[in-house]
Ligand SMILES: [Zn+2]
């Protein structure tokens, strides 16, 4: 069976700030009884928390068929949060809203340059000519580029939880549903 991970990705955070913001969100998840306060190192080197029973959040958090494999992974570090195997259908220009076939744009190079450390890595829209940072483009299905992510393993979340985290830390967040 495959795994799925619902990521809350924080879009506007530097690597220097990521650990502090992560602590703030983890404390809130513990306080809300979404996770237990015991972390272990995961195989990826990130921290993994066990789920708690958050009755208050029952409507927003759905455990999937294998509850033992539900957990929260905290990913700190430059990372491309992709949607997994199915690829993307389109790239939407953040300036003019035109949908483009992925094949006609050098998006893969732009993502690669960002991942290699270039925060200004950008791509020009063939429709309106405006160049935008690759992280500002809308991927359909959603992807996100960032230094901090909260990954709910086999644990489906709703958009409301993403908005709660965004308002808690005062940053933009995006939901990425990843299928492994
Ligand atoms: Zn455009």
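The values are calculated or read from the model by the stated rules, or taken from the named source; none is laboratory data. Just so it is clear, the model here is predicted, and its values are computed rather than measured. Cβ placement follows ideal geometry from the backbone for every residue including glycine, while neighbour counts extend to all protein chains displayed.
Annotations for the structure displayed:
- Look at (1) in a helix (DSSP H, G or I); (2) in contact with a helix residue (DSSP H, G or I) (Cβ under 6 Å, 6 or more places away or on another chain) and you find that residue 103 fails only one, number (2).
- Residue match in region 110-119 (condition: part of a strand (DSSP E or B) and over 18 Å from the mean Cα position of the chain (by Cα)): no
- Residue list for region 125-135, restricted to those being modelled with pLDDT of 95 or more and surrounded by 14 or more Cβ atoms within 10 Å (Cβ to Cβ): 125, 132, 133, 134
- Out of 23, 38, 60, one residue alone is modelled with pLDDT under 80 and on the phi < 0 side of the Ramachandran plot. It is 60.
- When residues of region 1-18 are limited to those that are within 20 Å of residue 174 (Cβ to Cβ) and assigned to a helix (DSSP H, G or I), the one modelled with the lowest pLDDT: 15
Here's the yes/no breakdown for (1) within 14 Å of the ligand (Cβ to nearest atom); (2) farther than 30 Å from residue 21 by Cα:
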| site | (1), (2) |
| --- | --- |
| 88 | no, no |
| 92 | yes, no |
| 121 | no, no |
| 129 | yes, yes |
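- In region 96-114, the residues that are more than 15 Å from the ligand (Cβ to nearest atom) form Cβ pairs under 7 Å with partners that are in a helix (DSSP H, G or I) and at pLDDT 95 or above, at six or more places apart or across chains, as follows: 111/134; 114/134.
- Among the residues examined, residue 58 qualifies as more than 16 Å from the ligand (Cβ to nearest atom), surrounded by fewer than 13 Cβ atoms within 10 Å (Cβ to Cβ) and closer than 24 Å to residue 23 by Cα.
- Flag for residue 53 being part of a loop (DSSP other than H, G, I, E, B) and either in contact with a strand residue (DSSP E or B) (Cβ under 8 Å, 6 or more places away or on another chain) or touching a residue at least 12 places away in the same chain (Cβ under 8 Å) (or both): yes
- Count - residues of region 131-157 that are within 12 Å of the ligand (Cβ to nearest atom) and within 24 Å of residue 4 (Cα to Cα): 2
- Residue count for region 63-77 satisfying the condition of being at pLDDT 80 or above and surrounded by 15 or more Cβ atoms within 10 Å (Cβ to Cβ): 6.
- In this structure, residue 100 does not qualify as outside the structural domain of residue 76 (by TED's automatic domain parsing) and under 20 Å from the mean Cα position of the chain (by Cα).
- Residue match in region 41-50 (condition: assigned by TED's automatic domain parsing to the domain that holds residue 156 and over 21 Å from residue 80 (Cα atoms)): yes
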